[in-house]
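Colleague: One structure is given below, represented as structure tokens, and several questions about it will come after.
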Amino acid sequence: MMGAADQRIFDALRAAHYPPARNHVAAHITLFHQLPPSALDELDRLVRRIAADTPPPAATLGAPFSLGRGTAFRIDSPELLAIRARIADHFTGALTAQDRGIPRLHITVQNKVAPAEAKALLAELTQDFRPRPLTIAGLAARRYRGGPWEALFARNFRGRRR
């Protein structure tokens, strides 16, 4: 989960540039694509522990990039990747092939549009872009429901920096 101010910015970009019929979830950073539904209680317990003892990870919003038929912003956060690795280690053997790799952290603001439309948005977003801090507030899980997504839980980081 992003901080509230960043969430508003990226939700507004999605509302403006994502096809409405496909925009079923708020702006987000995907750490995993599919964990087993049978592991949701275990995931919630693990995320509760991580959130309780972990400070919000430092992150930098990186330059926008092309998805071919969409546009996204890079996220640089070794600390968030370390949290993701902690979760992945816990679920070793239950991860899909897609989730066994290290993700390229990003926030998608446009997808499933004509390549020319995506190229135009990328040019617009790149024009005055400057990297900046991005607030990462916590971890959340959602379940895909064939279009809409069901929010399962959200946990804010509460650990202190040493």
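Colleague: Can you tell me which condition Asn23 does not meet? The list is (1) under 20 Å from Tyr144 (Cβ atoms); (2) buried (at least 16 other Cβ atoms within 10 Å of the Cβ); (3) touching a residue at least 60 places away in the same chain (Cβ under 8 Å), and all the others hold.
Modeller: Only one criterion in (1) under 20 Å from Tyr144 (Cβ atoms); (2) buried (at least 16 other Cβ atoms within 10 Å of the Cβ); (3) touching a residue at least 60 places away in the same chain (Cβ under 8 Å) is unmet by Asn23, namely (3).
Colleague: Oh, and also: Mind listing just one residue for me: the one in the stretch 113-142 that is of a type in the set (Lys, Arg) and at pLDDT 95 or above and, of those, nearest to Leu31 (Cα to Cα)?
Modeller: Step by step, filter the stretch 113-142, then rank; the result is Arg132.
Colleague: Can you tell me which residue in the stretch 73-98 is nearest to Glu117 (Cα to Cα), limited to those that are small (Gly, Ala, Ser) and in a loop (DSSP other than H, G, I, E, B)?
Modeller: The extreme case among them is Ser77.
Colleague: Could I ask something else about it? Hey, does the stretch 134-147 have a residue that's part of a strand (DSSP E or B) and out of contact with any strand residue (DSSP E or B) (no Cβ under 6 Å at 6 or more places or on another chain)?
Modeller: yes
Colleague: Please indicate, with yes or no, whether at least one residue in the stretch 80-87 is modelled with pLDDT of 95 or more, under 13 Å from the mean Cα position of the chain (by Cα) and among the basic types (Lys, Arg).
Modeller: yes
Colleague: Also, I was wondering about something else. If I go through the stretch 58-72 residue by residue, how many of them are within 15 Å of Met1 (Cα to Cα) and part of a strand (DSSP E or B)?
Modeller: 2
The values are calculated or read from the model by the stated rules, or taken from the named source; none is laboratory data. Predicted, not measured: the structure shown is a model, and the values here were computed from it. Note that each Cβ is placed from the backbone with ideal geometry, even for glycine, and that neighbours are counted across all protein chains shown.
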